[in-house]
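Before any comments, here is the structure.
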Amino acid sequence: MPAHEVVVLRIGHRPERDQRVTTHVALTGRALGACGMYLAASDKGVVQSVGDVVERWGGTFFCEDKVSWRTCIKDWKAAGGVVVHLTMYGLNLPDVMGEISPHAKILVVVGAEKVPGEMYGLADFNVAVTGQPHSEISSLALFLDHLFSGTELIKVYPDAKIRIHPSRAGKQTEEL
Ligand code: SAM
């Protein structure tokens with residue numbers, strides 16, 4: 001199994017209403033093993049919020065806005081990567097994970113309200129995390145967890161300024 005380089009591409013973001021969800025897409029990607037997120041919209045607020053978390057909690061997760069999603073997909077493929085579009089209309093995750101996981105470079109595309117029909121044709125894999133409607137955050141989380149087989153849950157973040165010591169009750173943190 002290759003070491004995976006996974007980057008999230010967030011399309012359809014509406015700055016006036018999706019800031020919180022898009023920030024959570026990025027934070028979920030970061031916490032569960034993705035390297036970064038491309039945002040196909042201009043939103044410095046999202047970039048700033050994600051940057052603040054990386055600064056404090058460590059790691060090298062990047063968040064880049066103003067990305068043209070078609071160019072991003074084209075460049076990713078030209079660099080040898082595959083494109084996984086998460087959509088409830090796709091093939092169910094357990095049926096395609098075996099085909100996806102041998103690929104080292106994976107761009108995971110998640111939408112907001114309405115995804116352009118063109119996206120389905122550009123994707124190498126249209127993947128459903130169940131055939132039920134839910135959310136870009138939950139579908140991304142489950143996709144990453146299946147891809148990394150749970151190993152992402154014990155990841156340690158270099159250069160963190162704060163770390164949590166897991167405890168049964170209360171909150172224990174350490175400033176580093
Ligand atoms: N109805 C929209 C459409 O036509 O594509 C989707 C809206 S949904 C709130 C936003 C995003 O969540 C989708 O673009 C997709 O990436 C993700 N999503 C929601 N349910 C999903 C599922 N069952 N499997 C995979 N992804 C899902």
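Ranked highest first by average number of other Cβ atoms within 10 Å, how do 69-77, 102-110 line up?
Working: 69-77: 16.4, 102-110: 21.1.
Top to bottom by mean Cβ count within 10 Å: 102-110, 69-77.
How large is the convex hull of the C-alpha atoms of region 5-175 per residue, in Å³?
Values: hull volume 22.1 nm³, N = 171.
That works out to 129 Å³ per residue.
Using a probe radius of 1.4 Å on heavy atoms only, what accessible surface per residue do you get for the chain? Whole Å² is fine. The partial results should precede the final answer.
On the way: 9470 Å² over 176 residues.
For the chain, the solvent-accessible area averages 54 Å² per residue.
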Highest-first arrangement of 122-131, 146-155, where packing means the average Cβ count within 10 Å: 122-131, 146-155
Added length on full extension, which subtracts the Cα-Cα distance from 0.36 nm per residue, K155 to T71: 27.1 nm
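Over the chain, what percent of the accessible surface lies on carbon and sulfur atoms, probe 1.4 Å?
On the way: 5140 of 9470 Å².
C and S atoms contribute 54 percent here.
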From the C-alpha gyration tensor of region 1-77, square roots of 5λ in Å: 19, 18, 10
All aspartates and glutamates inside 20 Å of K66 as judged from Cα atoms, apart from same-chain residues fewer than 8 positions distant: E16, D18, D43, D52, D75, E113, E118, E136
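The values are calculated or read from the model by the stated rules, or taken from the named source; none is laboratory data. Since the model is a prediction, treat every value here as computed from it, not as a measurement. Every residue, glycine as well, gets a Cβ built from its backbone with ideal geometry; the counts of neighbours run over all protein chains shown. These accessible areas exclude ligands, DNA and RNA; they are computed on the full protein's heavy atoms, side chains included. Shrake-Rupley method; radii C 1.70, N 1.55, O 1.52, S 1.80 Å.
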